[in-house]
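Down below is the structure, laid out as structure tokens.
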Amino acid sequence: MMNISKTLINTLQQLINGESVASSTLRKDFAETLLSEGLLTVQTHGSRRAFRAIDAIALKNFLQTHNEELRTIGDNNLDAYTTRSEQAIETGNSKLVMVRSCPGFPVNSYEPITCLLSGKDYVINPPEGCLVFIDSWQQFIIPEDVVVVGIENMENFRMIRRQRKMFESVLGDMPLLFVSRYPQSKDLRKWLQGITNHYVHFGDFDLAGINIFLTEFQQFLGARSSLLIPSDIERRLQIGSQERYNSQLSRFRDLKCDDNKIQAVIDLINKYHRCYDQEGYIDKY
């Protein structure tokens, strides 16, 4: 038996706990094996079928014996494993349960910003060529006057100093903390939902990029989020990529936004039938 999902583990745990489970919730190969071993009984309720363990202890012993990934089922709550090291110490296998070994998100700034990290002062001030990765993001607190700028593409995120003039022309002299969703996870959005700072999203100027902002950020942050729109975006769109616009059109043809400024960008994209990547704003000099 391979590919043990969290859903399957939960279903097997229910059986060990003496509960009945709908036959549709137990993976077919497991159901067939456990039925043939005489470990499950079938209960019928009209057209519905359910499984229940005949002997919960025997079921637990069989599962633990015949599959390494189930060695601790019935003995431990696998959700309690928060790190791979905990799994390895107890079972010798660090991959019993899928645990993200790198939670959090990177941050960047071109001016020092004094924050709180796990209750202690911490200054975000990475030198050129360096980023800061926030692991304990639940204990990461920034000053209320700091504007958080989310950058979609990593090259832009790494080279914020070469875009400083553009950021200042749009956002003024507000202190800025730059954040990235790399590696892809919901940690950044959860952190943003837990603070009161304004969030500005900087991504590609195409229909897909605007949709990312609307569905993955504005939907959750509401009025304290906005899209970064450079003053020269119309000129840049005129020389943008027509091919990518065409590739996105079928999916995002009906993209609309109640925010007049964002809708104006959508209208420009559709007017010129072109998209423009945010990397174009990195000053090569």
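The values are calculated or read from the model by the stated rules, or taken from the named source; none is laboratory data. Treat the numbers as computed from the prediction; the structure is a model and nothing was measured. Ideal geometry is used to build each Cβ from the backbone, glycine not excepted, and the neighbour counts take in all protein chains shown. Remember, those area values only see protein heavy atoms, side chains included, never the ligands or the DNA or RNA. Shrake-Rupley method; radii C 1.70, N 1.55, O 1.52, S 1.80 Å.
Which of Ile142, Ile113, Ile16 ends up with the largest GNM mean-square fluctuation for the chain, with Cα atoms connected below 10 Å?
Maximum fluctuation in the GNM of the chain, among the listed residues, is at Ile16.
Is the C-alpha gyration tensor of the range 218-285 telling us rounded, prolate or oblate? Criteria: a/c under 1.5 is rounded; beyond that, a/b larger than b/c is prolate, otherwise oblate.
Verdict is oblate for the range 218-285.
How big is the accessible area of Asp173 in square angstrom, nearest 10, if you roll a 1.4 angstrom probe over the protein chains?
Probe radius 1.4 Å; accessible area of Asp173 about 140 Å².
Return the distance in nm (one decimal) between the two label points of a simple spin-label model at Asp283 and Gln138, each offset 7 Å from Cα along Cα→Cβ.
Reported label-point gap for Asp283 and Gln138 is 4.1 nm.
Of all beta bridges DSSP finds with both residues in the chain, what is the antiparallel percent, to the nearest 5?
Percent antiparallel among DSSP bridges in the chain is about 65.
Can you give the angle from 0 to 90° between the axis of helix 260-272 and the longest principal axis of the chain, with both taken from C-alpha atoms, to the nearest 10?
80 degrees
Based on Cβ point charges of +1 for Lys and Arg and -1 for Asp and Glu, what charge dipole magnitude is obtained for the chain about its Cα centre, in debye rounded to the nearest 20?
540 debye
May I ask for the distance between the Cα centers of the range 102-165 and the range 15-59, given as a whole number of Å?
Cα centroid of the range 102-165 versus Cα centroid of the range 15-59: 51 Å apart.
If each DSSP helix of 4+ residues adds -39,500 (n - 2.57) and the sum is divided by the residues in the chain, what number results at 222 nm, nearest 500 deg cm²/dmol?
-9000 deg cm²/dmol
Suppose we flag GluC sites (Glu not before Pro) only when DSSP calls them loop and at most 11 other Cβ atoms lie within 10 Å. Which is the longest uninterrupted stretch of the chain?
145-285
How far, in nm, would the chain grow between Gln64 and Arg235 when pulled straight, counting 0.36 nm per residue and subtracting the alpha carbon separation?
Once the chain is fully extended between Gln64 and Arg235, it gains 55.1 nm.
Taking 2.2 N^0.38 Å as the expected size of a compact globular protein, what ratio does the Cα radius of gyration of the chain give against it, to two decimals?
1.36
What number comes out for the charge environment of Glu234, summing +1 per Lys or Arg and -1 per Asp or Glu over other residues with Cβ under 14 Å away?
Once all neighbours under 14 Å are counted, the net charge is +3.
Restricting to lysines 8 or more places apart or on different chains, can you count the pairs in the chain with Cα atoms under 16 Å from each other?
Lysine pairs, 8 or more places apart or on different chains, close enough: 5.
State which stretch of the chain is the longest one without any exposed trypsin sites (Lys or Arg not before Pro), exposure meaning a DSSP loop state and at most 15 other Cβ atoms within 10 Å.
1-94
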